[in-house]
1. Restricting attention to the stretch 454-475, which residues are away from ligand 2 (no atom under 15 Å from the Cβ) and in contact (Cβ under 8 Å) with a residue 40 or more places away in the chain?
2. When you check L195 against the structure, is it closer than 24 Å to A281 by Cβ and either of a type in the set (V, I, T) or modelled with pLDDT of 80 or more (or both), yes or no?
3. Farther than 30 Å from C457 by Cα, among the acidic types (D, E) and either open to solvent by less than 10 Å² (accessible area, probe 1.4 Å) or not in a helix (DSSP H, G or I) (or both): which single residue out of E513, E547, E593 fits that description?
4. Tell me, yes or no, whether the stretch 247-261 has at least one residue that is over 30 Å from G607 (Cα atoms), touching a residue at least 40 places away in the same chain (Cβ under 8 Å) and either among the acidic types (D, E) or outside any strand (DSSP E or B) (or both).
5. Restricting to the stretch 600-621, and then to whatever is open to solvent by 20 Å² or more (accessible area, probe 1.4 Å) and part of a loop (DSSP other than H, G, I, E, B), can you tell me which residue is farthest from ligand 2 (Cβ to nearest atom)?
6. Go through the residues of the stretch 452-467 one by one and say whether even a single one is aromatic (F, W, Y), crowded, with 20+ Cβ neighbours inside 10 Å and assigned to a loop (DSSP other than H, G, I, E, B).
7. Of all residues in the stretch 480-492 being within 15 Å of ligand 2 (Cβ to nearest atom) and part of a loop (DSSP other than H, G, I, E, B), which is nearest to S459 (Cα to Cα)?
8. Pairs only if they're at least six apart or on different chains, beta carbon under 7 angstrom, first in the stretch 27-44 and on the phi > 0 side of the Ramachandran plot, second hydrophobic (A, V, I, L, M, F, W, C); list them, first residue then second.
Amino acid sequence: MIPAVQVIPLLRPRSLQSRAFDYRVPEGAEREPLVGELVTVPFGRRRVRGVVTAIGASGEVAFARLAPLDSMSGVVLPPELLDLAGFLSEHYLAPAGASLRAVTPVHLLKEPAPEREVSWVEPVLSEGSAVPEDANGTDSGGRDPEAEPERAALTPRQREVFEQLLPEGEPVAELTRRLGTTRAVVAALVEKGYLRQLLRAPRESADLEPEDALEPPPPLALTQEQAAALTRLTEALEEGEASRALLWGVTGSGKTEVYLRLLELVLGQDGGAIVLVPEIALTLQTVNRVRERFGDQVAVLHSALPEGRRLKESARVFSGEARVVVGARSAVFAPVRDLRMIIVDEAHDASYKQEEEPRYDARTVAWWRIRQGGGLHLEGSATPRLESLHDSRLVLRLKERPTGQKLPQVEVIDLRSRGGRGVLSPAASEALRDVMRRGEQAIVLLNRRGYASFLRCPSCGEVVLCPRCEISLTYFRREGVVRCHHCGHGAEAPELCPSCGRAALERGSPGTERLSDELLQIVPRNGLFRLDSDTVTSTGRVQEVLEGFAGTRPSLLVGTQMVAKGHDFPGVTLVVVADSDTALYLPDFRAGERTFQLLAQVAGRAGRGKNPGRVLVQTWNPEVGCIRMALDQRGEAFYREESAIRRRLGYPPYAELIRILLSGKDEKQVRAGAVYLFERFTKYLADDELLGPARLPVIRRRSRWHLLLRVEDSERGRHLVERALAQLRGPYLRRGIDVMVDVEPQSFG
Ligand code: ADP
Ligand code: ZN
């Protein structure tokens, strides 16, 4: 019997706890643990999941003092997944525990628990109230409180909830969230006999079910462009070697249809595939199209799924039952059998980068996986990142929409010469009124949250800042609060300047809340739908807002960049960008690219139906390249110019970046750590390979400094950083300094 094994606990990110620990195999164990096996071990006071990484102790240890393994699961992670975790740790300098945790299918992360039951409520039909056989959601025959004098009267709030109950019932937690009500109201309804409380197995979410699972729509006859792209991609797929391709197609050009054909091909050859999409809530259309076409062969992996469903889907992939996985970022780790293809849809989307350990980029991981076993790595976008254009061996264009619709016409409104005082110029207001008069739909984008971006005292000039961050607070008028977008701190909005107490506060740049108020002069309240992270906080709510908008005429959808994602609303004939400059001056070399992408994407929402689309872009900077060039949504000019700038300045794709961020309570110590690293790196790097050290705003009372390595050979950069950190971490971590390493960083704040 083997006395000891090494186990890496699958802990949430903590930079120090990334090593393997020794455990002894308890006496009487019926077999030896296996390398890669999931086990449960005591860790501190907890029992945690871990992976056996080696047999035998790591060094000389007193066997009797080792803690024993709790249990062995009998489940062994396949070598591909262990390799994948190794790649994450090596490439992203991520802690081993966090990397292993990332690649472990969710249903294996916990010990299997007995089927849980949830607290569930359903409406009580009162006696004698006949319910017709075909009663469905619209029937209220048995539920009309007016007709039920024997039951206690309801308060207006209780009645409102009662009237919105689903006839089939639902979990209490879901009900309170859906209707924005409390458990107390539910309890009162139970008390008064309107609701019955039960225990039930968690139910499957209806959210992600395709509408008509039984009748998959027939494949469309491909256009010439689509067919040509498919031919080239098929060749690449059948070559056997790993190949990297980009499907660069204008919005609405039918990229999804090409993906579906490729999936058919892979499945026909008994292969497996992964389709990555940005946030699922905003891309349900794509998810559902894949599910409609391939039914049970598809698993959907996403953190917003109800837990029971999530674990089930994960198990279906692990067992090989599902051959196609559709999911957000983390689905890139799915242990799909015979993986032949990974498609990254909307590949320009920022959500593909994970902003916590392991700080991986799903696009890089996808390519690494395909490189291991051969096959096709395909990115699709109307507005690709420069990196995709640069790295793809095969770039295929779709320049036309198959439905024959023209790309919308884009016009610029120069805010410097506008009249009026609101967010919208008179021209934009007039265009919106026209659309409403015609009974059509419009989208208005303003990438700023709240009512105003800050509050400032006109007398002393002070801006209301977060007490924990060096950041101005956003003002929310309806709630009467100010809130910090970095740490979540909230407070009542002050009436007078908190600093000098003399004057009423002025408001900074308008956000979506203020714009919504303005739009109420153009559209009635029930025709206005708002989509931003303050008002819409769950996947279900996003769906509700989008469906509400889609089903109302005339109607207006207003919101932050969430409104620009791949939605397909045929009734939208006008898109207004209220302020196209919000991202333009961020300290980020991708600011221009992001602005271009946002404009071209949101413009693509217009004119997808029978009527042609029109796009109005309000800007203070009509001469700036990325704004001017977004007028031509095919983007050649933009990419030519942007690529020249990046090459000249030495930014990706012409160099690789590694960012190191130090933070801590003590500004002096943090700065000293940054200077230490800087001095160390200058010995090995050329002047233009090292940027910083630079101070960043304090967040959550922590001082922050960062450095940026800009190297052509990221291998060398990573080695440098690894060695430097090994030296730095010991002494500085003891002084309470956190060091974060971000390889391929996407944000710099
Ligand atoms: P993209 O993903 O490029 O934005 P979609 O795949 O959503 O575009 O396609 C846009 C619209 O065009 C969809 O309504 C789709 O059904 C339709 N479409 C795609 N391919 C064809 C085709 N070959 N013939 C007719 N309609 C098509
Ligand atoms: Zn804050």
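The values are calculated or read from the model by the stated rules, or taken from the named source; none is laboratory data. Predicted model, so just to flag it, every value in this text is computed and none were measured. Cβ sites come from the backbone with ideal geometry, for glycine too, and all protein chains shown count toward neighbours. Keep in mind that these areas ignore ligands, DNA and RNA; they rest on the heavy atoms of the full protein, side chains included. Shrake-Rupley method; radii C 1.70, N 1.55, O 1.52, S 1.80 Å.
1. R456, C457, P458, S459, C460
2. Details: closer than 24 Å to A281 by Cβ: no; either of a type in the set (V, I, T) or modelled with pLDDT of 80 or more (or both): yes.
No; evaluated as a whole, the condition is false for this residue.
3. E593
4. Within the stretch 247-261 (the criterion being over 30 Å from G607 (Cα atoms), touching a residue at least 40 places away in the same chain (Cβ under 8 Å) and either among the acidic types (D, E) or outside any strand (DSSP E or B) (or both)), the answer is no, since none of the residues qualifies.
5. Within the stretch 600-621, the subset open to solvent by 20 Å² or more (accessible area, probe 1.4 Å) is 608, 610-612, 614, 620-621.
Among the residues that remain, those that are also part of a loop (DSSP other than H, G, I, E, B) are: 608, 610-612, 620-621.
Details: R608: 40, K610: 48, N611: 45, P612: 45, W620: 28, N621: 29 Å.
Restricting to residues being open to solvent by 20 Å² or more (accessible area, probe 1.4 Å) and part of a loop (DSSP other than H, G, I, E, B), the top hit is K610.
6. In the first step, residues of the stretch 452-467 are kept if they are aromatic (F, W, Y); the result is 454.
The next check asks that each one be crowded, with 20+ Cβ neighbours inside 10 Å; those that pass are none.
Within the stretch 452-467, none of the residues are aromatic (F, W, Y), crowded, with 20+ Cβ neighbours inside 10 Å and assigned to a loop (DSSP other than H, G, I, E, B).
7. Within the stretch 480-492, the match that is nearest to S459 (Cα to Cα) is C484.
8. Correct list of pairs: G36/V51; G36/V52; G36/V76; G36/L77; G36/L82.
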